[in-house]
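The values are calculated or read from the model by the stated rules, or taken from the named source; none is laboratory data. Remember, predicted model here, so these are calculated numbers, not experimental data. Please note: Cβ atoms are built from the backbone with ideal geometry, for glycine as well, and neighbour counts cover all protein chains shown. SASA here: full protein model, heavy atoms, side chains in, ligands and nucleic acids out. Shrake-Rupley method; radii C 1.70, N 1.55, O 1.52, S 1.80 Å.
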Amino acid sequence: MLKASYPYYLANEAEAPNQDLVVCDKYSGEVATRVALADADAIERAIAAAAAAAEPMRKLPAYKRQAVLNHCVKRFEERFEELAEALCIEAGKPIKDARGEVTRLIDTFRIAAEEAVRIGGEVIPMDISPRAEGYSGMWKRVPIGPCSFISPFNFPLNLAAHKVAPALAAGCPFILKPASLTPIGALIIGEVLAETDLPKGAFSILPCRRDGADLFTTDERLKLLSFTGSPEVGWELKARAGKKPVVLELGGNAACIVDEGTDIDDAVARIVFGAYYQSGQSCISVQRILVHEKLYDAVRDKLADAVKALKSGDPKDECTFIGPMISEKEATRLHNWVIEAIDKGARLLCGGQREGAMLQATLLENVPAECAVSSQEAFGPVAILARFSDYAAALQEVNNSDFGLQAGIFTRDIYKIQRAWDELEVGGVVIGDVPSWRVDHMPYGGVKDSGLGREGVRYAIEDMTELRLLVIRNPN
């Protein structure tokens, strides 16, 4: 069970000036808990504290940063079921998926603990011409300074962790705005961090209204903004961020190609997972499925049967695979996209019905390209099927999107694998599996409207540090 209320964390300390943010159980719709909501004054104090903490965080030895991260790993392991239950309630995430995310939270902090003690540098040979003889050079990485983080609702633990853990490893103080719909996971992270002896002001975790978060973006004391969320909001924030670097992990419209020669049963099983796990609310959820014409009928029939068999309902039930979407508003939006596609000639293979925030796992074929469910990000339990005869044309179809996060290819042809890697306009190509696959140490991010920069602990640390060069002249 969740606590009756939760504080926010300002400069490492819990504060509860109010209980203004109501957090609902996404399945029942009932009030689950209440959370302190930060106002502009609290955000200002947090930024000032982070700025003051920049120097002590920079000087914090690597082994002490590692110890903080290892403490988090230990405490998250001890509070595993509490974290999973909180996710299940606040996000409506099926309990098995919730446990999977807690496992990834732990992985992310463990990776960060390892990286904290190997942020190195390089010696540069300077004598490339006679004028540089007698000079030596080297560079190291130094923390960029106070960071601003804004995390989304769909992975409230792990996507917050992908910002928080690298910052701690790099020695950067931070302020974090978790999603208002799902703030509890981030606040539990704050509760664990408050048990450590991090310098005062090293972290603040502040749920706040969207209009109250302007300082997260515009304040010049913050040296980096990392945002995960919708493209519309992300690009607007970038335009207002001023001089600071911006990392954006935005939307997707992930495609998966099933080429001839593929093990159909294996591909179907992976696609069902990739398209419908946690109700499709992932930016790398399988949305467009392109199947070679020789396999199309068999894949379509097996996929439709598998999707029909998915159990929907209470996310607390161990057997549930499809839980509620984050809100009835979002479920209504996607349901309307399904109706639009059918009205324009698409064929409904299964699903298509909605009750409140519960949208059935839905599979469509022959969807016109101009339909929103084809061209935009569905972000829900809906996928569409199309056939192809030419592999090159299928690659072009994958690229026929405003988004470019990850793509999946089921093929056994090494030359087709290489061609996909060369030609697909995405941040990552996954062979023999779905684009939804991710391990938390790998570089992760996209191109086009899917964002800028890369997450994955090592790569996030690169964004949160700057190169500092040293040149030494030997006059002898």
Near pairs, Cβ below 6 angstrom, 6+ apart or cross-chain, from the stretch 13-40 (within 27 Å of Met325 (Cβ to Cβ)) to any residue that is modelled with pLDDT under 95 and open to solvent by less than 60 Å² (accessible area, probe 1.4 Å): Ala32/Leu2; Thr33/Leu2
Residue, nearest to the chain's Cα centre (by Cα), within the stretch 85-113, restricted to residues that are under 20 Å from Gly280 (Cβ atoms) and of a type in the set (Asp, Glu): Glu101
Filter pass, Met442 being out of contact with any helix residue (DSSP H, G or I) (no Cβ under 6 Å at 6 or more places or on another chain) and touching a residue at least 40 places away in the same chain (Cβ under 8 Å): no
Residues of the stretch 329-349 classified as buried (at least 18 other Cβ atoms within 10 Å of the Cβ) and out of contact with any Phe, Trp or Tyr (no Cβ under 9 Å at 6 or more places or on another chain), total: 7
Those strands (runs of 3 or more DSSP E) lying entirely in the stretch 1-112 with at least 3 residues open to solvent by 10 Å² or more (accessible area, probe 1.4 Å) and either charged (D, E, K, R) or in contact with a helix residue (DSSP H, G or I) (Cβ under 7 Å, 6 or more places away or on another chain) (or both): none
Which listed residue, of Leu215, Leu248, is within 30 Å of Glu466 (Cβ to Cβ), buried (at least 17 other Cβ atoms within 10 Å of the Cβ) and modelled with pLDDT under 95: Leu215
Given (1) among the hydroxyl-bearing types (Ser, Thr, Tyr); (2) open to solvent by less than 10 Å² (accessible area, probe 1.4 Å); (3) within 19 Å of the chain's Cα centre (by Cα), index of the condition Tyr277 fails: (2)
Residues of the stretch 215-253 that turn out to be in contact with a helix residue (DSSP H, G or I) (Cβ under 8 Å, 6 or more places away or on another chain) and part of a loop (DSSP other than H, G, I, E, B), as a count: 9
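Filter the stretch 327-356 down to the residues that are assigned to a loop (DSSP other than H, G, I, E, B), in contact (Cβ under 8 Å) with a residue 24 or more places away in the chain and over 22 Å from the mean Cα position of the chain (by Cα) and list them by number.
Correct list: Lys344, Ala346, Gly351, Gly356.
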The listed residue being surrounded by fewer than 19 Cβ atoms within 10 Å (Cβ to Cβ), among the charged types (D, E, K, R) and either within 30 Å of Asn12 (Cα to Cα) or out of contact with any Asp or Glu (no Cβ under 7 Å at 6 or more places or on another chain) (or both), out of Arg210, Arg288: Arg210
Set Ala369, Ala394, Ala407, Ala386: member being more than 28 Å from Ala91 (Cα to Cα), hydrophobic (A, V, I, L, M, F, W, C), touching a strand residue (DSSP E or B) at 6+ places or on another chain (Cβ under 6 Å) and not in a helix (DSSP H, G or I): Ala386
Total residues in the stretch 118-166, condition surrounded by 14 or more Cβ atoms within 10 Å (Cβ to Cβ) and part of a loop (DSSP other than H, G, I, E, B): 13
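Just give me the residues in the stretch 350-360 being surrounded by 16 or more Cβ atoms within 10 Å (Cβ to Cβ) and of a type in the set (S, T, N, Q), in sequence order.
Gln360, the sole residue that qualifies.
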Residue count, the stretch 455-476 (criterion: within 30 Å of Tyr277 (Cα to Cα) and in contact with a Phe, Trp or Tyr (Cβ under 6 Å, 6 or more places away or on another chain)): 2
Selection count where residues are open to solvent by 10 Å² or more (accessible area, probe 1.4 Å), outside any helix (DSSP H, G or I) and of a type outside the set (Lys, Arg), scope the stretch 293-319: 10
All positions within the stretch 357-372 that are under 25 Å from the mean Cα position of the chain (by Cα), within 17 Å of Ile322 (Cβ to Cβ) and either among the hydrophobic types (A, V, I, L, M, F, W, C) or modelled with pLDDT under 95 (or both): Ala357, Met358, Leu359, Ala361, Leu363
Enumeration of residues in the stretch 423-436 that are part of a loop (DSSP other than H, G, I, E, B), at negative phi and either open to solvent by 20 Å² or more (accessible area, probe 1.4 Å) or in contact (Cβ under 8 Å) with a residue 40 or more places away in the chain (or both): Glu425, Val426, Gly427, Asp433, Val434, Pro435, Ser436
Close pairs (8 angstrom Cβ cut-off, 6 or more residues apart or separate chains): without any contact (Cβ under 8 Å) to a residue 12 or more places away in the chain in the stretch 397-422, buried (at least 16 other Cβ atoms within 10 Å of the Cβ) and not in a loop (DSSP other than H, G, I, E, B) anywhere: Trp421/Val429
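Conditions (1) open to solvent by 10 Å² or more (accessible area, probe 1.4 Å); (2) at positive phi; (3) of a type in the set (Val, Ile, Thr); (4) not in a strand (DSSP E or B), marked per residue:
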| residue | (1), (2), (3), (4) |
| --- | --- |
| Arg438 | yes, no, no, yes |
| Met442 | yes, no, no, yes |
| Arg458 | yes, no, no, yes |
| Glu462 | yes, no, no, yes |
| Glu466 | yes, no, no, no |
| Leu469 | yes, no, no, no |
| Ile472 | yes, no, yes, no |
